[in-house]
Structure formats: structure tokens, C-alpha cells
Amino acid sequence: MSTSALILMILVQGSVVLITAYFLIKVLKTPTKSDTESTEDAGEQIEP
Amino acid sequence: MGLILAMAGNAVGLGNFLRFPVQAVQNGGGAFIIPYFVSFLLMGIPLLWIEWAMGRYGGIRGNHSTPFIFDSLGKKRAWKYVGVFGIFTNLGIISYYTYIESWTLSYTLKSVAQSFAGLDRAQVSAAFDTYAGIHGSMTDRLMDINVPGWAIVAFLITLGINIYILSKGLSGGIEKVAKIAMPLLIIFGVFLAVMGISLGHTGVTGCATCNSHLGLEFLWKPKFDSLANPKVWLAAAGQIFFTLSVGMGTIHCYAAYVRKNDDIALNAMSAGWMNEFVEIVLGAAIVIPIAVGYMGLDWVKENAGFMMAFKTIPYLFSQWGSVLATLSGVAWFGLLFFAGITSSLAMGTPFMGFVEDEFGWGRNKSAIILGILILILALPTILFFEYGVFNEYDYWTGTVSLVVFAAAEIILFSWVFGVKKGWEEITRGSDIKVPNIYKFIIKWITPIFILVIFVTALIKPLHGEWTDWQLAFHQLMTKGTWPWANDSIIAQAFHLNEKVIWFKNGIPTGMFFKDMSRLLLMSVFIGLSYLVHIASKKRKLSSKTIKS
């Protein structure tokens, strides 16, 4: 592989991995809001 | 977490593994990634936030389908009919998508049974043609249907699985499936990506261009000159639509079930970037490197296409010995099946949300009726696959409708509903700081971006490169004519570059089947619009009753 291709690949893939991990960790660490119901409950609303 | 995985599953589909690498190869390799990322930042991310915001806004007002989500945002009655695209598109796509999903299910089982062992490339390719009922030339041949029974049984099983899961609801079915399917998909993807990258030049001895690293080199070598090519930009923007599942109506429907102050900005980012990880990190490291490793770069440049996954890849896996071939086959087709099913489940929700809200149907009844509708719409694509029905569905519902719907929703959100209210909706309850620049982007850049894509696709000239546009305008000024590209929307709609012949020697032609499939799709759109009209009247009647 040429250097330019390798640099672009590492740069793009590395950034994507880091950003994805950042948002995923942020979601996992964010506590559930007390004034909200879960999707589960909301989903049940449409059950006749 | 279940909803985010379901959203990511909605976005992660067959396109991540099959469409992205092929688009990259056909549009200049490494150059493609630049317009792709620009489209993601200026169009993909804003649309994700907008669709989540629209869905939550409609959902807290009791609307779980796009016609009435649109109705709650816009004052004019016509908006709910524009919202019909959000159900129509999904019904159209799910019909042929479920069929492809059934191929992946069959091929997973075929891999377990080692059905491709000992076959050469031509035989593996022919096996797929037989499976899909493709016979090559159709000239003067009596209309015959030779789709094997097993293909239809596999489709019915796949459809049955989808309908069963949908009947269990969002939390009881779809989220549970996503929690299992998404991690498995990533494990399979990582395994295959490692196999692809580590293949190097060991695949074929004596073939100088058979090296998986050459495939990676071609995919990632930046060629900045192609940035001036509108064709590359159009392809990159189109890929963003496909990959994020924006402009479909599915995100609205999922988001309609989150609560008023739930975070949507972070959730949208999390699901969107997870999709990018699967596409850019895994999707780019599987099909093209492995194919180049065995077939050489020139062959891949010439033959890269969607069907390569079924016609070529099983043969390439069989080069790895029986155990690895089986493992890789199960991983590859299993991965495609999981990617497919998490997306098709999302496509089922807009119709179900609509009939449950407006007609009070239960989940089971809605799921069964949806299953019957899919079956009716899918049968022509299965039986007349060879006659172009499949491609016709894909073009109108999987390409044109997405852009039309996205153009409409961005105008509705940014200009009718208003970007000030829209921004409040996006940022309410957010656990991340949404950059203020996106306020400007949502109001100006994204609408212009989408309108340019739409107009370009509408009147695209032959070949579609920058010089072709200049020549086309010159031709328009001097001769008063326009050299339509075959895939421009206007040329397709009016058959501008082809003769309209429905029958030849009394036998229906491909054109006949294409036009009949358009008629069928149009009937579905009109039927759905009529249902929206009835639902609207019912709503008015019930609000009058409450008032009195």
C-alpha cells in the first residue's frame, strides 16, 4: 500500500472508531432521566 | 440502549457491505471518501437530528406515522399526503429487501451444508442464477417462471420471521433482536475483515495484481482531481441516504416512541456513527480486498456489483479449505442476514404505527395485514426478477422516493415549522452540546444540498460528468434539446431513451413488466393516500364529538 493510501485509511478509520466509541460510552454513562419513561413503556402505549 | 441498537440496526443494512465498497470502486476509490464525509456532515447528520426531532415531536402528540407527524408540524393539509412517502417507501423497499434477505438466509444454510465445495467460479455463479431464476437472454422467449420452489419457501420463512418479530412490538421484538443481531454482526464483520486484510498476495500464485492490499490501496488512495466531478458527489450523497436510512420515514417512527425530554441528539449521533463504523471500517475491508486478493484489481473494477456477494464470494471462500470456507460463509451470509433483518423490521414499523394509531388495529392484525401486503408486492419482484421488476422497485422506492421525501421534510422542518422551534426540539434534553453552526446548516446548507441532488438526479445528462453538463447546456442553447442520461428521473419516467414496446410477437417485453410494476407502486401510493384521507376525516369527527 502506498503511504498516502495508508495515511488516509488510518486517519479516517481511526477517527470513525474514536468518535463511535466516544458517543457509545457517553450513551452508556448517561444516567436515565427521572422524568422520563422508558421506550418500553412508550412502546406499550400502542397496544390496544 | 435497545432503541439505539434498533436505530443502528435500521441504518446498518446490506448497503454497508455491498453498496458502499462498490460505489467507492466505481467512483474513483479514495476520492469517494471525501465527498462521502462532506455529505455525511452536511446532510446525513442534520437529517438524523431532524428525523429524530420530528418523530419525537409527533410521538408526544400521539402520532406514530409520517403522514400525521408531518401534519402536526405543518399547518397545510397537503403535508400529511407528502408524509405518505414515509409509508410508501418502506412498503416498496421491504418487498424486495425481504427477498434479498431470504437469499442470505438460504446461502447461510448452503454454507453450513458446504454446497459450494468443489465448484468453480462459473458454477457458483450459475448456481445463483438458477436460484434467482435468471436465464440470460429473454429475446423471443415465452414468458416462463423458473424460480425454484426453495427460493419461494425461503422467502416465505424470512417474511414469517419478520412478521412474527414485528407482532411482538418495538421493545418486545425489534429491540430484543437488535441486542442479539448487532453484536453478532460486528463479530462476524471483524472476523471477515481480518481475513480480508491478512490475505495479502497469498491467494493466487503467479498473479501480480491478486493482492488484497491492492484492493485497500485502490479504496483509500486519495485522487483529489475527481472532487470536481459532480457524478462522484451525487454517488456519495446517494450512499449517505442509503446507509443512514434517512428520507425513509423509519427513524421518525422509532423516535415517535421516545418521551418528551429524552435525549435525541446524542442517540442520533450514537446510532449514526455506529453505522459509519460498520460501513467504513468493516464494509470497506471485506468484499473488495478479498475479491482483489483472488481475482485481481482489473477484474474487480470491471465486475464490482451487488451480486458479487452471491455469485463470486462463496467461490473465493471455498479457496480457504472446508472449515474456514464454512465459517466464513456462515459469517458473511449470517452478517448480511442480520444486517438485512434489523433494517426490514424498521421498514415494517411505519405501516404498523399508522394502522394502529388511525384504525385501532392490534399488533397481530397489523403485522398479518402487513405480511399479506408485502407478499402481494414481493411476488412480482420474485417471479419476474429477470424482467427488471426488482430494479424498478429499487429505483422508484429505494432511490427517487428517498430524495423526494428528504427534500420535503427539510423544507417542512427548517422553513415551515421554523428552524428556531426546530432547534429547541433537537436540543431539548440533550446530553451533548450540539454545535451552533448546525442551526445555519439545517436552515440553508442541507436544504440546498438536497435540492441540488434532486435537480441533478432529475435532469442528469448522459454520463453525468462535469464536461457533460457543460456540453448539455451548450446543446440546450444551440439545438434546444437535452441529452438525457438513462438513469435521470425524467428519462426513466417517460422512457425517453427507449422505445415503448409492451409486446413482441405476442410476448410481453421487459418494458411491459416495468410499466406494470410502476402501475402497482402507484396504486399503493394512491391507496395509502386514500387511507390517510379516511384517517384524517375520522380524526376530525372524533374531535368534533369530544367538543360537543
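Secondary-structure-derived ellipticity at 222 nm for the protein assembly as shown, considering helices only, amounts to -21500 deg cm²/dmol, per-run term -39500 (n - 2.57) for DSSP H runs with n ≥ 4. Counting only lysines at least 8 places from B:K544 when in the same chain, those with an alpha carbon closer than 19 Å to its own are B:K75. A crude spin-label estimate for the pair B:A78 and B:V190, with each label 7 Å from Cα along the Cβ direction, gives 5.2 nm. Taken residue by residue and averaged, Cβ atoms of other chains lying within 10 Å of the Cβ of A:8-15 number 5.
All C-alpha pair distances within the stretch B:46-98, sorted into 5 Å bins from zero, spread as 5, 21, 23, 25, 16, 8, 2, 0 percent across the bins.
Lacking any other cysteine beta-carbon closer than 4.7 Å, the following Cys residues of the protein assembly as shown have no compatible partner: B:C253. Net charge dipole, chain B: roughly 2000 debye, given to the nearest 20, about the Cα centre with Cβ charges of +1 for Lys and Arg and -1 for Asp and Glu.
Along the axis of the charge dipole computed for chain B (Cβ charges of +1 for Lys and Arg, -1 for Asp and Glu, origin at the Cα centre), the listed residues B:I240, B:S226, B:G55 are led at the positive end by B:G55.
Computed over the alpha-carbon pairs of the stretch B:132-284, the distance histogram in 10 Å steps reads 8, 20, 27, 28, 16, 2, 0 percent, short to long.
Take every Cα pair under 8 Å whose residues are at least 6 apart in sequence, average their separation, divide by the length of the stretch B:18-93, and the relative contact order is 17 percent. Mean per-residue shielding of peptide B:169-180 is 2, counting Cβ atoms of other chains within 10 Å of each Cβ.
Label separation (B:K168 vs B:A126): 4.2 nm, computed from points 7 Å beyond Cα along the C-beta direction. Helix B:45-59 and the longest principal axis of the Cα set of chain B meet at an angle near 40°.
Annotation: for a label point projected 7 angstrom from Cα along Cα→Cβ of B:R428, residues of the stretch B:29-67 with backbone N closer than 18 Å are B:49-65. Here the stretch B:281-311 is scanned for amide nitrogen atoms under 15 Å from the site 7 Å beyond the Cα of B:V204 along Cα-to-Cβ, giving B:288-304. The fraction of Cα-Cα pairs per 20 angstrom bin, counted from 0 for the protein assembly as shown, comes to 20, 56, 23, 1, 0 percent, rounded to whole percents. Helix B:2-11 and the longest principal axis of the Cα set of chain B meet at an angle near 60°. Chain B gives an Rg/Rh value of 0.96, both radii derived from C-alpha positions and Rh following Kirkwood. Sites listed here are trypsin sites (Lys or Arg not before Pro) in the stretch B:431-512 whose DSSP assignment is loop and whose Cβ has at most 14 other Cβ atoms within 10 Å: B:K433, B:K479, B:K499.
Here the label points at B:L519 and B:F440, each 7 Å from Cα along the C-beta direction, are separated by 5.3 nm in the simple model. Does anything in the stretch B:154-181 have its amide N under 12 Å from the 7 Å Cα→Cβ label point of B:N364, and if so which residues? In the stretch B:154-181, the label zone of B:N364 (backbone N under 12 Å from the point 7 Å along Cα→Cβ) covers B:167-168. Reported to the nearest whole Å, the Cα centre-to-centre distance from the stretch B:476-548 to the stretch B:326-405 is 19. Between the amide H of B:K504 and those of B:T509, distances stay under 5 Å, these residues lying 5 or more places away or on another chain, with hydrogens modeled in the peptide plane. Comparing B:Y294, B:Q114, B:A132 along the charge dipole axis of chain B, the residue lying farthest to the positive side is B:A132, per the Cβ-charge model. Summarising the overall dimensions of the stretch B:67-131 from its C-alpha atoms, the Rg and Dmax are 21.1, 64 angstrom. In the context of the full set of protein chains, residues of the stretch B:69-180 present 42 Å² of accessible surface per residue (probe radius 1.4 Å, heavy atoms only). Out of B:Y395, B:V416, B:G360, whose Cα points farthest toward the positive end of the dipole of the stretch B:351-490 (charges: +1 Lys, Arg; -1 Asp, Glu; placed on Cβ)? Selected residue: B:V416.
The values are calculated or read from the model by the stated rules, or taken from the named source; none is laboratory data. Being a predicted model, the structure only gives us computed values, none of them experimental. Glycine gets a Cβ as well: all are built from the backbone with ideal geometry, and neighbour counts include every protein chain shown. Note: areas computed on protein heavy atoms with side chains; ligands, DNA, RNA excluded. Shrake-Rupley method; radii C 1.70, N 1.55, O 1.52, S 1.80 Å.
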